[in-house]
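J.: Sharing a structure below in structure tokens format, with a few things to ask.
The values are calculated or read from the model by the stated rules, or taken from the named source; none is laboratory data. Owing to the predicted nature of the structure, the values given are computational and were not obtained by experimental measurement. Backbone-built Cβ (ideal geometry, glycine too); neighbour counts: all protein chains shown.
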């Protein structure tokens with residue numbers, strides 16, 4: 001089947017650093033990609049203009065393709081409002097309407113992590129229902145039920161903001177992502193003096209697997225961080241059920257140092273229900289743009305194939 005015979009959609013992923021886009025079919029196959037461009041930090045108008053330019057480029061050979069866009073920050077997806085983004089300089093911006101006007105067609109607006117959740121459920125790990133958890137600079141989540149995003153009010157999925165006792169000082173209560181995100185894990189190792197400034201979570205894992213004197217401390221940092229994440233996720237599971245947890249973001253490629261304490265904490269925390277399986281996200285850096293394309297398909301009544 002040629003691309004002219006396929007139903008295609010465009011997904012634009014507005015990231016904190018770059019904006020990138022994909023042209024995808026209903027099976028999640030990427031037909032074309034755009035060149036990534038730097039994300040403007042000068043307000044909603046410039047971000048919308050940059051996203052629209054990428055979409056127009058991808059539309060050159062598929063002029064009828066619907067477009068979906070996902071963005072970071074606090075989003076009202078139903079109304080297409082970017083409530084707040086400190087990094088990208090908007091507050092209560094009607095991003096959906098602005099994008100729809102720029103592209104002369106309805107453009108659904110999605111949250112970046114929730115869009116990644118949808119793509120993973122449809123085309124990545126391929127499970128119709130899941131709790132997707134992105135662990136990177138921060139921690140956020142999205143729930144997919146029967147191959148559609150569960151409706152989410154603004155602030156939904158911000159589990160990184162759940163208060164927890166700091167593993168290094170239990171008297172201090174901090175947001176979960178401060179100690180259990182990839183950046184939080186790295187910061188703990190740097191503050192402990194076992195890694196230099198600029199190190200990341202991957203270096204913490206490498207140190208924990210080494211034979212250096214400080215390896216035990218790196219191991220403890222990873223174990224305590226992932227245990228806290230597992231405890232919080234067990235609480236979430238008592239609300240959404242024992243659907244698979246899909247781990248994405250910077251830590252999802254970690255080995256037993258990441259997954260063992262996470263699964264152990266889930267086993268202990270899921271008291272009246274079986275602990276859900278923990279899966280590794282499969283789509284990598286394309287998940288959010290693909291999720292935006294999936295939103296475009298679904299908002300236009302086009303059935304996707306999983």
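J.: Considering only region 168-190, state which residues are more than 13 Å from residue 251 (Cβ to Cβ) and modelled with pLDDT under 95.
T.: If the condition is that a residue be more than 13 Å from residue 251 (Cβ to Cβ) and modelled with pLDDT under 95, then 168, 169, 170 are the ones that fit.
J.: Another question, then. Just name the residue that is nearest to residue 227 (Cα to Cα) out of those in region 170-199 that are without any contact (Cβ under 8 Å) to a residue 12 or more places away in the chain and assigned to a loop (DSSP other than H, G, I, E, B).
T.: Among those that are without any contact (Cβ under 8 Å) to a residue 12 or more places away in the chain and assigned to a loop (DSSP other than H, G, I, E, B), it is 193.
J.: Just one of 193, 230 is assigned by TED's automatic domain parsing to the domain that holds residue 252, at pLDDT 95 or above and over 19 Å from residue 135 (Cβ atoms); which is it?
T.: Answer to the check: 193.
J.: Name every residue in region 100-119 that is surrounded by fewer than 24 Cβ atoms within 10 Å (Cβ to Cβ) and assigned to a helix (DSSP H, G or I), in order of residue number.
T.: 100, 101, 102, 103
J.: Would you mind finding the one in 41, 27 that is surrounded by fewer than 15 Cβ atoms within 10 Å (Cβ to Cβ), modelled with pLDDT under 95 and touching a helix residue (DSSP H, G or I) at 6+ places or on another chain (Cβ under 9 Å)?
T.: The match here is 41.
J.: Continuing with this model, one more query. Residue check: is residue 252 within 18 Å of residue 164 (Cα to Cα), assigned by TED's automatic domain parsing to the domain that holds residue 134 and in contact (Cβ under 8 Å) with a residue 60 or more places away in the chain?
T.: On the way: within 18 Å of residue 164 (Cα to Cα): no; assigned by TED's automatic domain parsing to the domain that holds residue 134: yes; in contact (Cβ under 8 Å) with a residue 60 or more places away in the chain: yes.
Taking the combined requirement at face value, the residue does not satisfy it.
J.: Within region 200-253, which residues are in a loop (DSSP other than H, G, I, E, B) and over 17 Å from residue 177 (Cα atoms)?
T.: Of everything in region 200-253, those that are in a loop (DSSP other than H, G, I, E, B) and over 17 Å from residue 177 (Cα atoms) turn out to be 209, 210, 211, 212, 213, 214, 241, 242, 243, 244, 253.
J.: Output the number of residues of region 78-99 satisfying the condition of being in a loop (DSSP other than H, G, I, E, B) and crowded, with 22+ Cβ neighbours inside 10 Å.
T.: Number of matching residues: 1.
J.: If a residue must be out of contact with any strand residue (DSSP E or B) (no Cβ under 6 Å at 6 or more places or on another chain) and in contact (Cβ under 8 Å) with a residue 24 or more places away in the chain, how many such residues does region 95-108 contain?
T.: Total satisfying the criteria: 4.
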